[in-house]
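Below is one structure, written out as structure tokens, with a few remarks after it.
The values are calculated or read from the model by the stated rules, or taken from the named source; none is laboratory data. Since the structure is predicted, the reported quantities are computational estimates derived from the model, not experimental observations. Note that we place each Cβ from the backbone using ideal geometry, even for glycine, and neighbour counts take in every protein chain shown.
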Amino acid sequence: MRSKLIAGNWKMNTSWEEAKSLFNSVNEFPSNNKSMAVCVPACYLAGLCPAHPNLSVFAQDCSAHEKGAFTGEISAAMLASLGVKGSLVGHSERRQYHNETSELLKRKVDQLLANKLTAIYCIGETLEERNNELHFATVTKQIEEVIGHLSSTQMKNIVIAYEPVWAIGTGVTASNDQAQEMHAHIRSFLKTTFGEVANDIQILYGGSMNAANAQALLACEDVDGGLIGGASLKVADFEFIYNA
């Protein structure tokens, strides 16, 4: 049976003092039947690792290169040396603002897996794609192009985060039926591509999950947790979601 994962994405927020305070508060949440993670700014990774068993620390991005003259880049090997659990890959903001392509994201995933780290791979459609009924085709293509080459064994270190682009930071959330429908589609495609291992792959919902809607979304059969943005910066809200 798949466990639930609640992952907070802090994005480019918090001072170092704020980050330590937020991290310490989250680290003190009483354990329940869910796993918990925080994806923190790169400059805070060394100061926050390793976490206690109840909490994993993830990066928000990593380099597609193994090592070398790539100023400003942070390799998967560097992340592993700090005790980081893994990294986000392909968040919609990286795709939009940094023009990240499927080929680049594929290389990032490969680097993470080569260093025995977990990739939280983000996929999702724009509002235009959904309105034109291209949402299923869009996420299927994103899976095929970036992780379709992996083996079933490698897929054990992949978490999928479905984040409808039209619901990120907008306050708009996919309905429970929309979320379940897409998560079921993703799992069905994963099963066709990778076999029975798809039953164990966590698929998170990442479109403005908050304290008000978390319980209903997490009750959906194929929603295995959440990738939480703004609400992860509020201790009370994040704890409520974790306990939902």
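Does residue 86 satisfy being at pLDDT 95 or above, out of contact with any Asp or Glu (no Cβ under 8 Å at 6 or more places or on another chain) and not hydrophobic (A, V, I, L, M, F, W, C)? Don't jump to the end; show me each part of the working.
On the way: at pLDDT 95 or above: yes; out of contact with any Asp or Glu (no Cβ under 8 Å at 6 or more places or on another chain): yes; not hydrophobic (A, V, I, L, M, F, W, C): yes.
So residue 86 passes the test.
Give the residues of region 109-133 that are surrounded by fewer than 20 Cβ atoms within 10 Å (Cβ to Cβ), part of a loop (DSSP other than H, G, I, E, B) and touching a residue at least 24 places away in the same chain (Cβ under 8 Å), sorted by residue number.
Correct list: 115, 116, 126.
Would you confirm whether any residue within region 56-67 is closer than 21 Å to residue 2 by Cα, of a type in the set (Ser, Thr, Tyr) and within 16 Å of the chain's Cα centre (by Cα)? Steps first, answer last, please.
Looking only at region 56-67, we keep the residues that are closer than 21 Å to residue 2 by Cα, and these are 56-58.
Still in the running and of a type in the set (Ser, Thr, Tyr): 56.
Remaining after also requiring within 16 Å of the chain's Cα centre (by Cα): 56.
The answer is yes, given that some residue of region 56-67 is closer than 21 Å to residue 2 by Cα, of a type in the set (Ser, Thr, Tyr) and within 16 Å of the chain's Cα centre (by Cα).
Within region 133-146, how many residues turn out to be over 19 Å from the mean Cα position of the chain (by Cα) and either modelled with pLDDT under 95 or among the hydroxyl-bearing types (Ser, Thr, Tyr) (or both)?
Residues meeting the conditions: 0.
Can you tell me which residues in region 2-16 are within 18 Å of residue 49 (Cβ to Cβ) and exposed (fewer than 13 other Cβ atoms within 10 Å of the Cβ)?
16
Just to be sure I understand the filter: pairs with C-beta atoms under 8 Å, separated by 6 or more residues or on different chains, first member in region 229-243 and in a loop (DSSP other than H, G, I, E, B) and crowded, with 16+ Cβ neighbours inside 10 Å, second member at pLDDT below 95 and among the β-branched types (Val, Ile, Thr). Which pairs pass?
That search, which allows pairs on different chains as well, returns 229/168.
Can you pull out every residue in region 62-95 that is surrounded by fewer than 17 Cβ atoms within 10 Å (Cβ to Cβ) and without any contact (Cβ under 8 Å) to a residue 12 or more places away in the chain?
67, 68, 69, 70, 71, 72, 73, 81
So in region 166-188, with the set limited to residues that are buried (at least 16 other Cβ atoms within 10 Å of the Cβ) and small (Gly, Ala, Ser), which one is nearest to residue 221 (Cα to Cα)?
If we take residues in region 166-188 being buried (at least 16 other Cβ atoms within 10 Å of the Cβ) and small (Gly, Ala, Ser), then 179 is nearest to residue 221 (Cα to Cα).
Which members of region 161-219 meet the condition of being assigned to a helix (DSSP H, G or I), under 25 Å from residue 236 (Cα atoms) and out of contact with any strand residue (DSSP E or B) (no Cβ under 8 Å at 6 or more places or on another chain)?
Residues satisfying the conditions are 167, 176, 215, 216.
Return only the number of the condition from (1) touching a residue at least 40 places away in the same chain (Cβ under 8 Å); (2) surrounded by fewer than 23 Cβ atoms within 10 Å (Cβ to Cβ); (3) out of contact with any Ser or Thr (no Cβ under 6 Å at 6 or more places or on another chain) that residue 225 does not satisfy.
If we test residue 225 against (1) touching a residue at least 40 places away in the same chain (Cβ under 8 Å); (2) surrounded by fewer than 23 Cβ atoms within 10 Å (Cβ to Cβ); (3) out of contact with any Ser or Thr (no Cβ under 6 Å at 6 or more places or on another chain), just (2) comes out false.
Taking residue 157 as meeting all but one of (1) closer than 23 Å to residue 12 by Cα; (2) modelled with pLDDT of 95 or more, write down the number of the exception.
All conditions pass for residue 157, except number (1).
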